[in-house]
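Please read the structure below before turning to the comments.
The values are calculated or read from the model by the stated rules, or taken from the named source; none is laboratory data. Just so it is clear, the model here is predicted, and its values are computed rather than measured. Here the Cβ positions follow ideal geometry from the backbone for every residue, glycine too, while neighbour counts run over all protein chains shown.
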Amino acid sequence: MTTTAEPNDLALQLVDNVEKVIIGKRDSVQLGVVALIAGGHALIEDVPGVGKTLLARSIARSAGCQFRRLQFTPDLLPSDITGVSVYNQKTNDFEFRQGPIISEIVLADEINRATPKTQSALLEAMEEGQISVDGVTYALPAPFMVLATQNPIEYEGTFPLPEAQLDRFFLRISMGYPDPTQEIEIMNSQMTSEPITDLQAVATPADIVDLQKRVRKIYVDDLVKEYIVTLSNATRDHSDIALGVSPRASLALLRGSQAIALMEGREYVIPDDVKGIAVPVMSHRLILTPAARMREATAEIIISEILGATPVPGGSAGPRPTAESLA
């Protein structure tokens, strides 16, 4: 049964519900929900113990979605993710035994610890919403979302994600350490039990699919689209960037800004929506030049510079759309 809340109210309820478990990280939580309602996948990158896995579990439970966790290790095989066909002697036929990827929200924990061959098993699922096993295609459920975690500090025994796979992640989330007050609050919340055990769903999978459809109906003026393309082109021509963002990043900026507008209760996108999502969407897609890395420049800093140097469309983001134009 679907809920009757307004779309923006439901999106904010998801954020508020996850915050019952993930304390003091509203920006990170909001990015996770933005990725969910925009129909994208998220890469959660930070040091161990800051709540990456807990964020994924909390989002899945709040959305009422089926959740599977995959611990990526060097000996993990692609068939361990997608599933395998097994011969049944009674029926003299092969039966498909589905893998954990056939779920609504999938956590790929420590994704960079698996081999590139295993990592690539996610590519078709993330991009096409389907998997192929022994020449047979199986559709994945809707909604479908991959939340992957990785540790950016320890690289021994890891396999860095190739650019093609990084590009398929809608955005990257960094958790960061809590401040002392928040850390005490976290300790108090877990004195007697884990908060996530009492976390109740505030939505259903059908609600999430409906939100994803509504996000796509948010009006985006041509000037805002030109602004997005200008930002993307700026990364391709920047002297400190060896490889700029792809057109897929422009689409992610478009969809992410629509999701933010929906959460704000607007039926149209403004340039600030684009600016607010630009760093999480673009930073993991850039490859910096050796000279920039030697200067300890970061993708986040360069994107901020591009945002500051790119003129914002003046006035409004366009006329408020009518009901007919959104139909």
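Quick notes
- Restricting the stretch 151-187 to residues that are modelled with pLDDT under 90 and of a type in the set (S, T, N, Q), the residue that is nearest to Lys25 (Cα to Cα) is Gln182.
- Members of the stretch 236-246 found to be touching a Gly at 6+ places or on another chain (Cβ under 8 Å) and assigned to a loop (DSSP other than H, G, I, E, B), listed by number: His238
- Where helices (runs of 4 or more DSSP H) fall entirely within the stretch 68-147, none has at least 1 residues that are loosely packed, with under 14 Cβ neighbours inside 10 Å and in contact with a Cys (Cβ under 7 Å, 6 or more places away or on another chain).
- Checking Pro271 against (1) closer than 28 Å to Phe67 by Cα; (2) crowded, with 19+ Cβ neighbours inside 10 Å, the condition it does not meet: (1)
- Only a single item in (1) assigned by TED's automatic domain parsing to the domain that holds Ala206; (2) at negative phi; (3) surrounded by 12 or more Cβ atoms within 10 Å (Cβ to Cβ) is not met by Gly176, and it is number (2).
- Restricting attention to the stretch 30-85, the residues that are in contact (Cβ under 8 Å) with a residue 60 or more places away in the chain and of a type in the set (S, T, N, Q) total 5.
- Scanning the stretch 9-60 for residues being of a type in the set (Lys, Arg), over 14 Å from the mean Cα position of the chain (by Cα) and either in a helix (DSSP H, G or I) or outside the structural domain of Ala148 (by TED's automatic domain parsing) (or both) gives a total of 1.
- The stretch 153-173 - residue that is in contact with an Asp or Glu (Cβ under 9 Å, 6 or more places away or on another chain) and under 23 Å from Gly276 (Cβ atoms) and, of those, surrounded by the most Cβ atoms within 10 Å (Cβ to Cβ): Ile173
The rows are residues; the columns are (1) in contact with an Asp or Glu (Cβ under 6 Å, 6 or more places away or on another chain); (2) crowded, with 16+ Cβ neighbours inside 10 Å; (3) not in a helix (DSSP H, G or I).
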site	(1), (2), (3)
Lys213	no, no, no
Lys225	no, yes, no
Ala234	no, yes, no
Leu254	no, yes, no
Ser283	yes, yes, no
